[in-house]
Amino acid sequence: MNADIANRERIAREVNAVRTSVGYADLSNRGKLRITGRERATWLHNIVSNMVEKLAVGDGNYGTFLTDRGKMVGDFRLLVRDDCLLLDTEPELADSLPAAMDRFLISEDAEIHRDHDRWTLLGLMGPQSAEWVSRALVIDVPGLALYGSIEAERDGTRVVVSRQNRAGETGYDLWLDPSLAAKVRDMLSTAGVTEIGSDALEVLRIEAGIARYGADTHDDIIPLEARLDHAIHYEKGCYIGQEIIARMHYRGHPNKLLICLRFDGGVVPEPLTDIYPEPGAEKRNGWVTSTTYSPTLDAVIGLGYVRAQQAITGARFVVKVGDDWVGVELSEKPFIVGG
């Protein structure tokens, strides 16, 4: 069998497992930060875009850290535990994000620990993921709110469980001591739970319209341009970049918006491919940021930016792939919305 065909079939099986039942992925390459100290919540609250200070133990959210011009230095998922704050970030931000934050740590009683090797991070995702987490850890998780977390114990070792959406489906992250990780992996594999590789994770992410830092967002993007309103708390008061965000939200609008793309045909355009209004046009309307073939939709899809006034479901544009012009249709909503 051709290697490309075999790889595509493998990805399709893994994606289907998540869409119909459950799969698990090793997310340990992500950055894992722990913030301690008596003033940890106050300090972080004052520099990031979402609420921290008023969150209770077990709460959490998605947030961004910005420049004073409102551009994204990075993003993170926050878990509030009784003795610390836990943040997980994209792998590319594992060291750069804490370094950038640390510059604003002056005299506060807070400390950032880079715990990248302290935890193994496994993600279970799919409509049956709650059942499997409960089975693995003998705890009840179906009522856990998005970004919420609880602690369990397995073999005398602490496990942190958080509710996450990484694939457009119900999902849970397990923060495990590395000594326990192999046992949990073996239990899942023995039970027939499909392991999800990085290629399938990327397909799942794009199908669900989830922006990823380093691909769809970077240090020249304002969160509202990427439709990351859920990373912003508009009533929390001052933080770095707050003035720009508030001005855009209350008085203006983004010049560009991230939107889902569905391409005609079977060719997958490269990221950074320009989007044009029609074949032969000289002035672009936007650009592509992420692309993939979706086995769920049997179509080539992606994410990209277009001018805000043109970011409308059903609008048609073109991209140039080699010598050919390929049609692309916009969608304001994700292609897949699961549990």
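Relative contact order of the range 43-92, please, whole-number percent, based on alpha carbon pairs below 8 angstrom and at least 6 residues apart.
27 percent
Which whole-number percentage describes the relative contact order of the chain, with Cα contacts under 8 Å and a sequence gap of 6 or more?
Over the chain, the number comes to 19 percent.
Using label points projected 7 Å from each Cα along Cα→Cβ, tell me how many nm separate Arg38 and Ala191, to one decimal.
With each label point 7 Å from Cα toward Cβ, the separation is 4.4 nm.
By how many nm would the segment from Glu235 to Ala182 lengthen if fully extended, with 0.36 nm per residue of separation less the alpha-carbon distance?
Using 0.36 nm per residue and subtracting the Cα-Cα distance, I get 14.7 nm.
From the phi angles alone, apply the Karplus equation (6.51, -1.76, 1.60; θ = phi - 60°) to the range 250-264 and give each ³J(HN,Hα) in whole Hz, x where the residue is Gly or Pro.
Computed from phi, the couplings for the range 250-264 are 8, 10, x, 7, x, 6, 9, 9, 6, 8, 7, 10, 10, 9, 6 Hz.
Based on the Cβ-Cβ distance of Glu282 and Glu332, what FRET efficiency does E = 1/(1 + (r/R0)^6) give at R0 = 22 Å, to the nearest 0.05?
0.25
Quote to one decimal, in nm, the extra length available between Asp140 and Arg251 on full extension: 0.36 nm per residue of separation minus the C-alpha distance between them.
My answer for the length gained is 35.5 nm.
Counting other beta carbons within 10 Å of each Cβ, put Lys333, Lys236, Lys32 in order, fewest first.
So the residues, fewest neighbours to most, are Lys333, Lys236, Lys32.
With charges only on Cβ, +1 for K and R and -1 for D and E, what is the dipole size of the range 112-212 about its Cα centre, in debye, rounded to 20?
Rounded to the nearest 20 debye, it is 140 debye.
I'd like to compare 120-132, 94-106: which one has the highest average count of other Cβ atoms within 10 Å, and what's the full order after that?
120-132, 94-106
Could you give each residue of the range 122-138 its phi-based ³J(HN,Hα) in whole Hz, using Karplus coefficients 6.51, -1.76, 1.60 with θ = phi - 60°, and x for Gly or Pro?
10, x, 9, 8, x, x, 9, 5, 4, 4, 6, 5, 4, 5, 6, 10, 6
Over the Cα atoms of the range 95-163, compute the convex hull volume and normalise it per residue, giving Å³.
Hull volume over Cα atoms, normalised by residue count, gives 136 Å³.
Take His116, His253, His218 and order them by how many other Cβ atoms sit within 10 Å, fewest up front.
Arranged by neighbour count, lowest to highest, His116, His253, His218 become His253, His218, His116.
Calculate, for Glu108 and Val57, the FRET efficiency according to 1/(1 + (r/R0)^6) with r their C-beta to C-beta distance and R0 25 Å; round to the nearest 0.05.
0.80
If we count other beta carbons within 10 Å of each Cβ, what is the order of Phe335, Phe65, fewest first?
The fewest-first ordering by Cβ neighbours comes to Phe335, Phe65.
State to the nearest 20 debye the size of the charge dipole of the range 3-206 about its Cα centre, where the only charges are +1 on K and R beta carbons and -1 on D and E beta carbons.
Dipole size: approximately 300 debye.
What share of Cα pairs, in percent, lie more than 17 angstrom apart in the range 255-339?
Value for the range 255-339: 39 percent of Cα pairs lie more than 17 Å apart.
Sort 271-284, 133-146 by the packing proxy (mean of other Cβ within 10 Å over each peptide's residues), most packed first.
133-146, 271-284
The chain: D in µm²/s via Stokes-Einstein (Kirkwood Rh, Cα pairs, 4 °C, 1.567 mPa s)?
Calculated translational D: 61 µm²/s.
What does the C-alpha gyration tensor say about the overall shape of the range 189-320? Classify as rounded when a/c is under 1.5, otherwise prolate if a/b is larger than b/c, or oblate.
Since a/c reaches 1.5 but b/c is at least a/b, the shape of the range 189-320 is classed as oblate.
Bear in mind that the values in this text are calculations on the coordinates, not laboratory data. Here the structure is a predicted model, which means the values were calculated and not measured. All Cβ positions, glycine included, derive from the backbone under ideal geometry; neighbour counts span all protein chains shown.
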